[in-house]
1. Of all residues in segment 25-36, how many are surrounded by fewer than 21 Cβ atoms within 10 Å (Cβ to Cβ) and closer than 15 Å to residue 152 by Cβ?
2. Inside segment 73-83, can you point out the residues that are surrounded by 13 or more Cβ atoms within 10 Å (Cβ to Cβ) and of a type outside the set (A, V, I, L, M)?
3. Give segment 103-113 a look and list any residue that's part of a helix (DSSP H, G or I), surrounded by fewer than 17 Cβ atoms within 10 Å (Cβ to Cβ) and in contact with a helix residue (DSSP H, G or I) (Cβ under 8 Å, 6 or more places away or on another chain), or say none.
4. Filter segment 115-143 down to residues that are open to solvent by 40 Å² or more (accessible area, probe 1.4 Å) and closer than 23 Å to residue 105 by Cα and give me whichever is modelled with the lowest pLDDT.
5. Going by the conditions given, is residue 62 surrounded by fewer than 17 Cβ atoms within 10 Å (Cβ to Cβ) and either modelled with pLDDT under 95 or closer than 23 Å to residue 138 by Cα (or both)?
6. With respect to residue 150, is the statement that it is in a helix (DSSP H, G or I), touching a helix residue (DSSP H, G or I) at 6+ places or on another chain (Cβ under 7 Å) and modelled with pLDDT under 95 true?
7. Enumerate the helices (runs of 4 or more DSSP H) found wholly within segment 15-101, keeping only those where 3 or more residues are under 16 Å from residue 117 (Cα atoms).
8. Mind checking which residues of segment 114-140 are polar (S, T, N, Q) and either outside any helix (DSSP H, G or I) or within 14 Å of residue 50 (Cα to Cα) (or both)?
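The values are calculated or read from the model by the stated rules, or taken from the named source; none is laboratory data. What you see is a predicted model; the values in this text were computed from it and never measured. Every residue, glycine as well, gets a Cβ built from its backbone with ideal geometry; the counts of neighbours run over all protein chains shown. Note: accessible area is taken over every heavy atom of the protein model, side chains too, but ligands, DNA and RNA are not part of it. Shrake-Rupley method; radii C 1.70, N 1.55, O 1.52, S 1.80 Å.
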Amino acid sequence: MKTVLKNKIFSWFRLVRLPNLFTAPGDVVCGFLLAGGSQQSSDFIYLFCGCWIAFFAYAFGIITNDIADVQEDMRIRPERPIPSGAISRKEALFGVFICLCFILIPSFISWKLCFATVVLLTFICLYNFYFKTKPLLGPVFMALCRIQSFGVGIIGLVPIPFSRIGVIAL
């Protein structure tokens with residue numbers, strides 16, 4: 001029983017590429033600092049929430065990427081957790097749902113943070129399910145995902161008038 005649980009946990013770690021998850025919050029911190037985020041305690045709450053969102057948005061993106069690529073992975077990378085059966089498609093979809101819950105709950109502390117988060121999730125989904133296979137737009141949308149991770153730090157955490165939000169997001 002312990003071995004089965006241990007294997008399942010390690011399969012989840014492999015699925016979400018655990019070491020890489022810790023790179024995403026750095027984008028938020030960088031965006032926050034570049035935009036002149038303050039040292040007020042309320043800003044640190046936003047900063048923590050933004051980092052939390054980036055962490056789980058990265059996991060969301062990795063899981064949805066593997067769901068979208070399952071047919072290709074069955075041929076090319078059968079050892080990956082979903083094609084190998086270590087993580088079922090149903091379990092992976094549940095993981096996506098859990099990530100969304102962990103992403104969306106803290107995003108509601110501010111409408112700007114919520115907006116930046118929705119833009120980020122939209123870019124992730126567009127990349128994973130449509131643009132990834134497009135020669136020119138695939139790399140562009142991958143870059144937009146990472147740039148919008150900075151945007152969570154800029155838009156969601158720093159006071160910006162509503163009229164400039166659309167320009168910064170795009």
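1. Selection size over segment 25-36: 6.
2. Once the filter is applied, which keeps residues that are surrounded by 13 or more Cβ atoms within 10 Å (Cβ to Cβ) and of a type outside the set (A, V, I, L, M), segment 73-83 yields 73, 77, 80, 81, 83.
3. Listed by number, the list holds a single entry, 104.
4. Out of the qualifying residues, it is 115.
5. no
6. When the stated conditions are applied, residue 150 passes them.
7. 24-34, 41-68
8. Within segment 114-140, 117 is the sole residue that qualifies.
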